[in-house]
Amino acid sequence: MIDEKVKNAIFRNALKNAFDYGSAKEGAVISKVLFEFPALRSSMAELKAEVSKAISLVNGMDRTRLEDEYGSYKAGFDEAERKKAEESKPKFIADGATVGNFKTRFPPAPNGYMHIGHAKIAFLEQRLAEEYKGRLVLYFDDTDPENERQEFVDAFKRDLDWLGIRFDGEYYASDNVDKMYGYAAAAIRSGNAYVCTCSREKMKDGRMNSKECEHRSNSAERNAELWNAMLDGSLGESGVLRLKGDMKSLNTVMRDPTLFRIKSQAHYRQGSRYTVWPTYDFNTPIMDSIMGITDTLRSKEYELRDELYFRILDMLGLRKPRIHSVARLEIKGNITSKRKLNAMVKEGLISGYDDPRLVTIAGLRNRGIEAAAIKEFALRFGMSKAESVMDIEMLLSYNRKLIDRQAKRLFAVEDPVDVSVEGFERRKVRLRLHPSEDIGYREYELGGRFLIDKADASSLKEGDSIRLKEAVSAKVLSVSRGTVRCAEKEGGPDGSSKALQWVDADAALRCRFIMLGNLVDDSEGFNKNSIEEHEGYVEGYAARLEDGERVQLERKGFFRLRKGQVLSFTSL
């Protein structure tokens, strides 16, 4: 039943939605009310009718009245937000870690560009280093010459700097290959590693079917000879060094994994100095141990590899860091796979790794997302291991809150329809650039010709009362295709007046609105509608904005401006 208590909740939530976003939306208001009164799900028709009334009332208010009405509820909303933030505050605890004796590392492989999943790990590690008064270092895990480039190293450093993540040191796996050779020789001497020259297909079949290969029984001396042949190139490219694990293990990672492989391509940092390269599984635990890392953070997907991590350290008698697993950050409707993104670039489906539809850091920055919003989003769930697929709308919401107080408000229209107001005397209007912040005004001298949205024009009929926001109240005399003729109305707006957004026809600037959606659809295929362009006009003040500036186009949302022959506004 819709009683006065429910009606009050509907009205105040409609007010807040309109105050935050320029106009109230039915779905947003209903969602908030149902959260307070879940029993109303059985009375949806009645609820929607009341919400529609409230939205009509609220959206018909001018900004001054809206602010006055909202003011009486603001304290309650602020307190609710404070309590919600406090209750949901994530915990940052690394089991076993001690204050003052903590060192961790951020370990990107420079074979692609940084994305939001990398950012989550980096921000968590930064936060843990702060909590435990420890150190955070940057470690490039660069032992794959085939795919790694200086370009990616530079891009990671640039993105990390933009995100505000600072490091207490920096080192590279490829600078330590000679040390890895020493540890490999020790593993061979102890009988824990052997050289295998089986084909890749045969090794894969052996692992799948728990079958040992004939090379496993070679003596340590023979394996040392073959190892030296790998190093001096006389073995060609057919050999790998494998751990003598357990081919019967239920954890397939432990079925004689590869520790070193031959890659003859020149390395971006080491040139042609090496042709035998350690794998991540061999290199990482050793580097963590010898570089003094006390605690490592890894995505939960690596948990099966933890057994191998510790086995290698036990085999070599090295100190064991603690491993802390966290859930991977996955964004619905997007991808981070380098292989898939490269294919999309080649096919011309995306412009590059900085395409604003992507969740690469370069893409998010290009879109107009604040580093602070990415940080808040990345840290939202703390050290949780619970897997979930997040919607990018949550990140965009954080971003809108951050830029809201500095984003100038402008009017813009799509598919414009001409509106002429008879009896309109030329006048100047002065409009605030923000409803509550003191960031200035924009001024126009109006001559009685306006442009409004085609969608708004299509709802008008002869005799309607309208209000062109903060400009003039009028009565519709006639509506014909492409034009609306009105007469100025004395006495100002009444309760039935429809509030319309407008731009001055004499000062309007042609523009396009670029609306971004999910990069992939539900079937993981490319979404052809992930970017849509609409033509329209924006008020003349837009010419004074800076390239890249974030604004709110009222009733449309937040956008980032790109200047060119035609102004472009990309949705945020």
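Only the coordinates and a few stated rules stand behind these numbers; no lab work does. Since the structure is predicted, the reported quantities are computational estimates derived from the model, not experimental observations. Cβ atoms come from the backbone with ideal geometry, glycine included; neighbour counts cover every protein chain shown.
Suppose each label sits 7 Å from its Cα in the direction of the beta carbon; what would the D246-S234 distance come out to in nanometres?
Placing both labels 7 Å along Cα→Cβ, they lie 3.7 nm apart.
Please work out which option in [x] 1.26; [y] 1.03; [z] 1.33 gives Cα Rg over 2.2 N^0.38 Å calculated from these coordinates, and answer with its label.
Correct label is [x].
How far apart, in nm, are two points set 7 Å out from the Cα along the Cα-to-Cβ line at K320 and at E470?
6.5
Quick check: pseudo-label points 7 Å beyond the Cα along Cα→Cβ at N101 and K83, how many nm apart are they?
Distance between the two pseudo-spin positions: 4.3 nm.
In the neighborhood of K498, defined by Cβ-to-Cβ distances under 10 Å, what is the net charge if each Lys or Arg adds +1 and each Asp or Glu adds -1?
-1
By how many nm would the segment from A266 to E425 grow when fully extended, if each residue of separation counts as 0.36 nm and the alpha-carbon distance is taken off?
Roughly 49.7 nm would be gained on extension.
Counting each DSSP H run of 4 or more residues in the chain as -39500 (n - 2.57), what helix-only mean residue ellipticity at 222 nm follows after dividing by all residues, to the nearest 500 deg cm²/dmol?
Details: 16 runs with 197 residues, N = 572.
Helices in the chain give a 222 nm mean residue ellipticity of -11000 deg cm²/dmol.
Among the aspartates and glutamates, which fall within straight-line cross-link reach of K263, defined as a Cα-Cα distance under 12 Å, with same-chain neighbours fewer than 8 residues apart omitted?
By straight Cα distance, K263 reaches D144, E146, E237.
Given R₀ = 51 Å, what would the calculated FRET efficiency be for D404 paired with T483, taking r from the Cβ atoms and rounding to 0.05?
0.90
State the antiparallel share, in %, of DSSP beta bridges confined to the chain, rounding to the nearest 5. Can you show the working numbers first?
Values: 55 of 84 bridges.
In the chain, DSSP labels about 65 percent of beta bridges as antiparallel.
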